[in-house]
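Let me begin by presenting the structure, written as structure tokens, before commenting on it.
The values are calculated or read from the model by the stated rules, or taken from the named source; none is laboratory data. Given the structure is predicted, the values throughout are model-derived calculations rather than measurements. Quick reminder, even Gly has a Cβ in these numbers, built from the backbone with ideal geometry, and neighbours come from all protein chains shown.
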Amino acid sequence: MSNTPAQVISKQFQNAQGSSTHAASKKMMRLLAAPLLSQMGLTRDVTAPVQFLDNACGTGVMTQEMQVILSRDVLEKSEFVCTDSSAAMIDAVKGRIGTEGWVNVLARVADAMDTGLPESAYSHVAVGLGLHLIPRPDDVLKDCQRVLKDGGIFGATTFPTRNRDIFWGPDIRAAFDSMPFKAPYPEDFPVQTHSSGKWYDEDWVAGHMKEKGFKDVRVTVNPGKYFVENVQEFVDFFGGMIAFLVNAWWSEELKRQHGVEEVKGLVRDFLEKKYGDEGWEITWEVISVTGRVEK
């Protein structure tokens, strides 16, 4: 293994591109974001303008949903900022702002651990599926507290440990096991790529947020499901995870013998034998945590 899982996932995010990521955002990832936004009080009932920071935004899933949830009148009086350390992700968001007609949205490259954004400027800050991946999550919390207004709401999602036994895991593990060569798959797939805390443990998350000074901390575990239309959609949506497994756990020699595209093809072949032309349902759990800032 030439790179750590943290190094591999960081490199993939920096170089992420393609329409499949966009499609996953609109069809599947929105379902992972919805419970958090509701828990943050961001529903169709909102009538006051918001100043919303989509931090470590990826393809802008949180902002995408805000543009649907809020009325046009509220959108026109609100401010939305998308930040990510990946220039490729920000370019994708900028493209979406134009093609999808997002209202009052700005996108810029910024490190979630130190955004450089104005102090006390935002009513809401969301970090979707980031705190278990970003190397120094407590720095993220500190910066979010800094940029939130007094009374502002912070929200984040992470994955619990048991999520590795559902979602995309069983199908890809079975596909790896079926390959005509030894295809390494980690026995205990890490849902967290750093050693700072236990963001996969909802009880720990609740206690840690309180320790960091957040008020009215609420942590929920939300089940979700998505019907995968066909094998190609599965490979498109989770091809990044296949690449992650190969690049993080396979030797350089094995990667030379069997590249990522070949492995994706073998996964596709396995799933076509298993499901044929039919779709199937995948399920997951996501931890949603919210807290209020007092200044």
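Remarks
- Number of the exception - Val81 against (1) modelled with pLDDT of 95 or more; (2) closer than 30 Å to Arg136 by Cβ; (3) touching a helix residue (DSSP H, G or I) at 6+ places or on another chain (Cβ under 7 Å): (3)
- Any hit, the range 19-29, residues being under 13 Å from the mean Cα position of the chain (by Cα), at pLDDT 90 or above and either surrounded by fewer than 17 Cβ atoms within 10 Å (Cβ to Cβ) or not in a loop (DSSP other than H, G, I, E, B) (or both): yes
- Listing of helices (runs of 4 or more DSSP H) fully contained in the range 121-215 that carry 1 or more residues being surrounded by fewer than 21 Cβ atoms within 10 Å (Cβ to Cβ) and polar (S, T, N, Q): 137-147, 169-178
- Considering the conditions (1) among the basic types (Lys, Arg); (2) over 30 Å from Val140 (Cβ atoms); (3) loosely packed, with under 14 Cβ neighbours inside 10 Å, Lys255 is excluded by exactly one of them, (3).
- The residues of the range 143-172 that are more than 30 Å from Val235 (Cβ to Cβ) and not charged (D, E, K, R), listed by number, are Cys144, Gln145, Val147, Leu148, Gly151, Gly152, Ile153, Phe154, Gly155.
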